[in-house]
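Below is one structure; the comments refer to it alone.
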Amino acid sequence: MPAIVKTKPAYGAELVEVDVPKPGPGEVLIKVLATSICGTDLHIYEWNEWAQSRIKTPQIMGHEVAGEVVEVGPGVDTLEVGDYISVETHIVCGKCYACRHNRYHVCQNTKIFGVDMDGVFAEYAIVPAQNAWKNPKGMPPEYATLQEPLGNAVDTVLAGPIAGMSTLITGAGPLGLLGIAVAKAAGAYPVIVSEPSEFRRKLAKKVGADYVVNPFEEDPVKFVMDVTDGAGVEVFLEFSGAPKALEQGLAATTPGGRVSLLGLFPRDVTFDMNNLVIFKALEVHGITGRHLWETWYTVSSLIQSGKLNLDPIITHKYKGFDDFEEAFELMRAGKTGKVVFFPHR
Ligand code: NAD
Ligand code: ZN
């Protein structure tokens with residue numbers, strides 16, 4: 001079968017023919033119905049410093065997936081052939097201090113599916129049964145594969161109340177766009193999005209942003225103050241990883257407001273902590289991964305509610321993997337929302 005494989009420690013990846021694998025103990029084999037590209041896959045493709053320190057080649061890439069179980073390995077009693085599943089990427093130990101406090105999302109022994117082992121950019125893939133999430137039969141595969149990143153967005157947006165609340169989202173990359181969809185479904189108003197890329201500001205509008213601002217041309221803090229009659233936003237959701245966006249967002253948040261930080265910063269960040277956080281009594285949440293398994297229930301229900309506007313976010317669909325290089329290059333150039341492959345055409 002064809003698979004997108006990181007064959008060597010260098011830029012790029014290759015489409016190669018590999019054998020369909022056999023599921024070992026605790027594993028299942030799935031037929032991959034849909035699989036989407038994550039920012040992490042892009043880092044592996046580009047072979048950045050993090051990828052160089054973590055990835056062992058050769059390895060099949062990819063971890064966001066919707067698939068059907070076609071073979072069950074020894075000892076698996078939670079899944080059967082025909083089950084329609086997606087996959088939680090954090091494989092946790094269940095034994096450490098964090099896990100024993102039900103904080104599986106911060107397990108200190110976490111292994112990552114598609115990063116520390118073969119992934120799902122193939123026609124068939126091995127999945128650890130303990131990380132499978134069963135989907136309702138009617139859920140379209142292109143939505144089901146988005147559940148993993150949607151979990152990040154849900155944990156960011158719903159870390160506190162948001163219905164009827166003014167909200168600033170900085171960064172409308174794939175994750176910020178999913179954040180906009182969740183915030184709108186949850187009843188946030190107005191949703192203001194700060195994003196320098198025109199293409200992504202347009203997408204943000206399509207997903208449901210009430211206002212968009214280009215932070216490279218206009219002061220987003222002044223923009224927020226104008227929209228909120230000088231109050232600032234109740235909720236600030238950081239999805240860009242840009243130090244400037246963090247500072248602007250904190251400045252644009254109303255005293256006593258809530259801040260959720262998902263974006264990862266490329267370096268140490270400095271800002272006026274006293275005046276921007278402490279004297280404003282902001283409630284600040286760091287967000288990592290998604291809660292196991294509470295967030296998956298929320299994500300699945302939100303999709304089934306029909307209230308999540310996901311279609312404009314899925315900007316590129318590919319049948320098979322033949323054009324995977326085009327897909328990665330478009331994503332690198334910031335010219336995509338989510339990219340989804342349908343391996344079986
Ligand atoms: P992305 O790089 O595609 O999107 C970031 C967006 O921010 C881009 O559209 C960019 O134009 C925009 N941006 C740049 N400078 C800005 C500024 N000054 N103000 C506002 N917007 C600005 O990334 P993504 O895949 O959407 O992921 C978003 C962030 O979440 C990344 O930093 C990623 O590393 C991080 N992340 C965190 C977790 C976690 O568990 N905490 C998980 C996955 C991804
Ligand atoms: Zn653990």
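The values are calculated or read from the model by the stated rules, or taken from the named source; none is laboratory data. None of the values given here were measured: they were computed from a predicted structure. For neighbour counting, all protein chains shown are included, and Cβ atoms are generated from backbone atoms with ideal geometry for every residue, glycine included. Ligands, DNA and RNA are stripped out before the accessible areas are found, and what is left, the full protein with its side chains, is counted by its heavy atoms. Shrake-Rupley method; radii C 1.70, N 1.55, O 1.52, S 1.80 Å.
Computed with a 1.4 Å probe on the full set of protein chains, the accessible area for LYS22 sits at about 150 Å². Farthest toward the dipole's positive end in the chain, which of TRP133, LEU177, ALA163, given Cβ charges of +1 (Lys, Arg) and -1 (Asp, Glu) about the Cα centre? So the residue we want is ALA163.
Counting only Cβ charges, +1 for Lys and Arg and -1 for Asp and Glu, the dipole size of region 1-100 around its Cα centre is about 460 debye.
For the chain, relative contact order (Cα pairs under 8 Å, six or more residues apart, normalised by length) works out to 17 percent. For a 26 Å ceiling on Cα separation, which of these pairs sit above it: LYS22/LYS317; LYS137/LYS205; LYS111/LYS134; LYS6/LYS335; LYS6/LYS319? Pairs exceeding the cut-off: LYS22/LYS317; LYS137/LYS205. Taking all protein chains as shown and a probe of 1.4 angstrom, MET331 keeps an accessible surface of around 20 Å². Measuring nothing but protein heavy atoms, the accessible surface of the chain at 1.4 Å probe radius is 51 percent carbon and sulfur.
Rounded to the nearest 10 degrees, the inclination of helix 294-304 to the longest alpha-carbon principal axis of the chain is 90 degrees. Surface exposure of region 271-345, expressed per residue as accessible area with a 1.4 Å probe, stands at 52 Å². As a calculated quantity, the FRET efficiency between GLU198 and CYS93 at R0 = 45 Å, using C-beta atoms, amounts to about 0.50. Proximity of backbone amide H atoms, modeled 1.01 Å from N, is registered between GLU27 and GLY73, ALA129 at under 5 Å, excluding neighbours fewer than 5 places apart on the same chain. Assuming charge only on the beta carbon of Lys and Arg (+1) and of Asp and Glu (-1), the dipole of the chain about its Cα centre is about 380 debye to the nearest 20.
Within the straight-line cut-off of under 20 Å between alpha carbons, the aspartates and glutamates reachable from LYS56 are GLU14, GLU17, ASP19, ASP41, GLU46, GLU64, ASP116, ASP118, sequence neighbours fewer than 8 places apart in one chain being disregarded. When the chain is treated as a Gaussian network with alpha carbon springs shorter than 10 Å, the biggest mean-square fluctuation among GLY160, GLY75, GLY249 belongs to GLY75. Normalised by the number of residues in region 153-286, the mean separation of alpha-carbon contacts (under 8 Å, six or more apart) gives a relative contact order of 23 percent.
Cα centroids of region 243-291 and region 13-27: 42 Å apart. In terms of the mean number of neighbouring beta-carbon atoms within 10 Å, the peptides 252-264, 286-298 order highest first as 252-264, 286-298.
Distance between the C-alpha centers of region 296-345 and region 186-227? Whole Å please. For region 296-345 versus region 186-227, the Cα centre distance is 22 Å. Of all DSSP-defined beta bridges confined to the chain, some 55% are antiparallel rather than parallel.
Projecting the Cα atoms of HIS285, GLY187, PRO243 onto the charge dipole of region 153-286, computed from C-beta unit charges around the Cα centre, puts GLY187 farthest toward the positive end.
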